[in-house]
Amino acid sequence: MPKKIIGLVILAAMIAIVIIGAVKNNTSESDALNNMALGSDVDFLPTEEGLAKGEKAPDFQLTTLDGEVVTLSDYQGQKVILNFWATWCPPCRAEMPHMQNYFEEQAEEANVVILAVNLTTEDKGLKK
């Protein structure tokens, strides 16, 4: 009988160690996402690809969740934040709450539109 009790205590201790390890790992990942430097200035290296500061972006079409087709030129005269994101992307997940807060609190007054393009093909489709 004492051997069974000792075995159960050892088993319970091992389970507790696994659970504590999983919780610590999850907490560390969450802290890392929260500590990312969002909104920091980034100096991009000069390149022959892409647009230079002040150049006009090419027009393109997107379909909204409501099925409406919009083009970049629909937002002429407004500032546009074009963000490509995915749920599997840790920096994307970290910045979304900040973008939501900006949208709710400042975007309209600043005449800013946010176009957040989810990479649905990588996220198991539109319904997910």
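The values are calculated or read from the model by the stated rules, or taken from the named source; none is laboratory data. Every value quoted in this text rests on a predicted model; they were computed, and no experiment measured them. Heads up, the Cβs are rebuilt from the backbone with ideal geometry, glycines too, and the neighbour counts pull from every protein chain shown. Only protein heavy atoms, including side chains, enter the accessible area calculation; ligands, DNA and RNA are left aside. Shrake-Rupley method; radii C 1.70, N 1.55, O 1.52, S 1.80 Å.
Structure data summary
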| item | result |
| --- | --- |
| Evaluation of GLU48 against (1) modelled with pLDDT of 85 or more; (2) assigned to a loop (DSSP other than H, G, I, E, B) (one fails), failing number | (1) |
| Residue among VAL69, VAL113 that alone is modelled with pLDDT of 90 or more, β-branched (Val, Ile, Thr), exposed (fewer than 10 other Cβ atoms within 10 Å of the Cβ) and more than 11 Å from the chain's Cα centre (by Cα) | VAL69 |
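Let's see how each residue does on (1) at pLDDT 80 or above; (2) open to solvent by less than 100 Å² (accessible area, probe 1.4 Å); (3) assigned to a helix (DSSP H, G or I):
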position	(1), (2), (3)
GLY7	no, yes, yes
ILE15	yes, yes, yes
ILE20	yes, yes, yes
ASN26	no, no, yes
